[in-house]
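Q: Structure in structure tokens, see below.
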Amino acid sequence: MAVRNGGEYKAGLKDGREVWYDGKRVEDVTTFPEFQAAIQSIADLYDLQHDPAHRAVLTCEVPDLGLVGRAFEMPRTHEHLRLKREAYMTWARANCGMIGRSPDFLNVMLAALAAKRGFFAEASPAGADAMVNYWKYIAKNDLFLTHALLDPQLDKGKLRHQQSDPGICLRVVDQNSDGLVLSGIKRIATAAPYADEILVWPFPPAFQPGEETYANVFAVPMNAKGLKTICRVSYANHGKRRDFPLSSRFDEMDATVVFDNVLVPWDRVFVNQDIALLNRMYRETRMRELTAHQTNARLEVKLGFVYALVVRLAEAQGLDSKPDIMEMLGEAVVRVEMLRNTTRAAEYQATVDPENGLLYPDLAALQVGRAWGPIVYPDLVKMIRRMGGGALVQVPVSMDEFDSPIGPHIERALRGAAMSGVSKTQLLKLAWDVCGSEFGARHELYEMNYAGERSALLAGIQREYPRKGEWLQYLDGFLGAL
Ligand SMILES: Cc1cc2nc3c(=O)[nH]c(=O)nc-3n(C[C@H](O)[C@H](O)[C@H](O)COP(=O)(O)OP(=O)(O)OC[C@H]3O[C@@H](n4cnc5c(N)ncnc54)[C@H](O)[C@@H]3O)c2cc1C
């Protein structure tokens, strides 16, 4: 198999996986109403890979692999990086940037991990081979991965093995000639109910002696025996496309995953109970350079979409050329452009890693997007609230009401500046899905958290800042000359 289409992706999900929703086991995720829209939105991405208008960007030939999705490629030239960004944005445009964990995110993470074979080989050549072979396997079969990194929020003052129940955090409970056996809990696996496989590694990577059994990196299919997926409540508003234009299509499900004596075969074990190696993995595999390139490109699309919505809301009231509104819109533009420039600046300043010959985008430039995303996205959502005002709660229950006997009154009550009541209401319904619905609230939370807890992220940015020495030297030179 090579590049999949949407139908092939859906067919692969009928595999007996154990998914729980509201205390009941889901028999078939592909027909379960709460997942159907999200699954379709992922299937649409796979279909795009076959669209003549997009396939040259979305797919590429990779030696040893054949034709694969663009994210799987290990970048070696500036053109590779540009095409990757184009591919990420093409997929993001298909969902207004609202699918955070589209397949490309983990596909490029796998490429990054496989590109650092030497890192994994430090501990075990078998683990390193397993990592590279896994990247090849997922790429050749064009599979969709979820990932779960975090332990449950327990007592943060205690290590994993010191918790009241040391078995809550995921750890090795046995090992045999077939592989490792793991039990425990991980979160938050977005898209887990309808992903093909799950990649697990621990975050934040700060292990201390005594926690060895928790320090593992591995992958299993979502139908692995003993793997249970527990879903949050759906925000999907399925079937209500005009009333909830985003949540009815793009509500990606978040889940907790429980491992109940799950066997991980040795060829899927990449790091085995090694705290020293895992504490260095996040930084030294350079995965962030490649994943943040994808996440910033995706966020650029989302910010651009929301910016355009704020503009239209201003126009709908004839306010778009008022000075204070112009100022607000300018603030919105600055936020979109900030994200836009992180990817381009990172590509421009990319450097070759002599160890593997890959061209890595500049991490410091990409970190700006990861650190500012949690600020600028809520800023834009606030602008939606400001521009929409009370009209956001004036909308009728359903767009169909315009065709009901009360329709003419609704039309007059919601009419805008050179805009019909029905058009303005459609705009407001979209605005509410961004700023007021459960889906909208989940998206603010997502942008605040997807790159990890922000204060830890910022501390890492300061710790790793590559130009720190340069600036300090400049300052010290100035002081020394006084
Ligand atoms: C919508 C959504 C989707 C997600 N999808 C995924 C996914 O697909 N895969 C995945 O692995 N993860 C996913 N995540 C998890 C995400 O990475 C985490 O939420 C994020 O890293 C924050 O971690 P946390 O939730 O444990 O919060 P915490 O780290 O527990 O933070 C909660 C609060 O406690 C504070 N705090 C934490 N530690 C300390 C301390 N030592 N001292 C003082 N204050 C502290 C924080 O500042 C924060 O205010 C998702 C999260 C969300 C919200």
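The values are calculated or read from the model by the stated rules, or taken from the named source; none is laboratory data. Quick caveat: nothing in here was measured; it's all calculated off a predicted structure. Cβ atoms come from the backbone with ideal geometry, glycine included; neighbour counts cover every protein chain shown.
Q: State yes or no: is LEU414 at pLDDT 95 or above, more than 16 Å from the ligand (Cβ to nearest atom), more than 30 Å from GLN153 (Cβ to Cβ) and not polar (S, T, N, Q)?
A: It is true that LEU414 is at pLDDT 95 or above, more than 16 Å from the ligand (Cβ to nearest atom), more than 30 Å from GLN153 (Cβ to Cβ) and not polar (S, T, N, Q).
Q: Let me ask something else about it. Just checking, which of PHE203, PHE207, PHE144 is over 28 Å from ASP64 (Cβ atoms), among the aromatic types (Phe, Trp, Tyr) and within 13 Å of the ligand (Cβ to nearest atom)?
A: It is PHE203.
Q: Can you say whether ARG187 is away from the ligand (no atom under 12 Å from the Cβ), buried (at least 16 other Cβ atoms within 10 Å of the Cβ) and in contact (Cβ under 8 Å) with a residue 40 or more places away in the chain, as far as the supplied structure shows?
A: no
Q: Given the criterion buried (at least 19 other Cβ atoms within 10 Å of the Cβ) and either more than 15 Å from the ligand (Cβ to nearest atom) or hydroxyl-bearing (Ser, Thr, Tyr) (or both), identify the matching residue among ALA215, ALA219, ALA192.
A: ALA215
Q: Could you run through segment 148-171 and say how many residues are more than 16 Å from the ligand (Cβ to nearest atom) and either in contact with a Ser or Thr (Cβ under 7 Å, 6 or more places away or on another chain) or of a type in the set (A, V, I, L, M) (or both)?
A: Qualifying residue count, segment 148-171: 2.
Q: Between a residue in segment 200-211 that is in contact (Cβ under 8 Å) with a residue 40 or more places away in the chain and over 10 Å from LEU159 (Cα atoms) and any residue that is of a type in the set (D, E, K, R) and away from the ligand (no atom under 14 Å from the Cβ), which pairs come within a Cβ distance under 8 Å, given they are 6 or more apart or on different chains?
A: As it stands, the answer is PRO205/ARG280, since those pairs meet every condition given.
Q: Something else now. Considering only segment 33-41, I want to know if a residue exists there that is touching a strand residue (DSSP E or B) at 6+ places or on another chain (Cβ under 9 Å), surrounded by fewer than 24 Cβ atoms within 10 Å (Cβ to Cβ) and farther than 30 Å from LEU363 by Cα.
A: Yes, some residue in segment 33-41 is touching a strand residue (DSSP E or B) at 6+ places or on another chain (Cβ under 9 Å), surrounded by fewer than 24 Cβ atoms within 10 Å (Cβ to Cβ) and farther than 30 Å from LEU363 by Cα.
Q: Continuing with the same structure: Quick one: would you say ASP174 is part of a loop (DSSP other than H, G, I, E, B) and either without any contact (Cβ under 8 Å) to a residue 60 or more places away in the chain or away from the ligand (no atom under 14 Å from the Cβ) (or both)?
A: No; evaluated as a whole, the condition is false for this residue.
Q: Can I ask one more? Residues of segment 97-122 being part of a loop (DSSP other than H, G, I, E, B), within 16 Å of the ligand (Cβ to nearest atom) and out of contact with any strand residue (DSSP E or B) (no Cβ under 8 Å at 6 or more places or on another chain), which ones?
A: GLY97, MET98, ILE99, GLY100, SER102
Q: Those residues that are more than 9 Å from the ligand (Cβ to nearest atom) and either exposed (fewer than 15 other Cβ atoms within 10 Å of the Cβ) or outside any helix (DSSP H, G or I) (or both), I need them from segment 431-456; list them, please.
A: Once the filter is applied, which keeps residues that are more than 9 Å from the ligand (Cβ to nearest atom) and either exposed (fewer than 15 other Cβ atoms within 10 Å of the Cβ) or outside any helix (DSSP H, G or I) (or both), segment 431-456 yields GLY436, SER437, ALA441.
Q: Also, I was wondering about something else. Within segment 387-398, how many residues are more than 18 Å from LEU313 (Cα to Cα) and either of a type in the set (Asp, Glu) or touching a Lys or Arg at 6+ places or on another chain (Cβ under 8 Å) (or both)?
A: The qualifying residues number 1.
Q: Looking at MET338, is it in contact (Cβ under 8 Å) with a residue 12 or more places away in the chain, assigned to a helix (DSSP H, G or I) and surrounded by fewer than 21 Cβ atoms within 10 Å (Cβ to Cβ)?
A: Yes, satisfied.
Q: Let me ask something additional. Could you tell me how many of the residues in segment 423-482 are farther than 30 Å from GLN394 by Cα and acidic (Asp, Glu)?
A: So the answer is 4.
Q: What are the residues in segment 249-299 that are of a type in the set (Lys, Arg), under 24 Å from GLY373 (Cβ atoms) and part of a helix (DSSP H, G or I), if any?
A: Hits for segment 249-299 are ARG249, ARG283, ARG288, ARG298.
Q: Go through segment 237-248 and give me each residue that's modelled with pLDDT of 95 or more, buried (at least 19 other Cβ atoms within 10 Å of the Cβ) and assigned to a loop (DSSP other than H, G, I, E, B).
A: ASP243, PHE244, PRO245, LEU246
Q: Sticking with this structure for a sec: Any residue in segment 96-113 that is under 12 Å from ARG286 (Cβ atoms) sitting within a Cβ distance under 6 Å of a residue that is among the aliphatic types (A, V, I, L, M)? List the pairs, counting only those 6 or more apart or interchain.
A: Filtered contacts from segment 96-113: VAL108/ALA71; VAL108/LEU290; MET109/MET287; ALA111/MET74; ALA112/MET287; ALA112/LEU290; LEU113/MET131.
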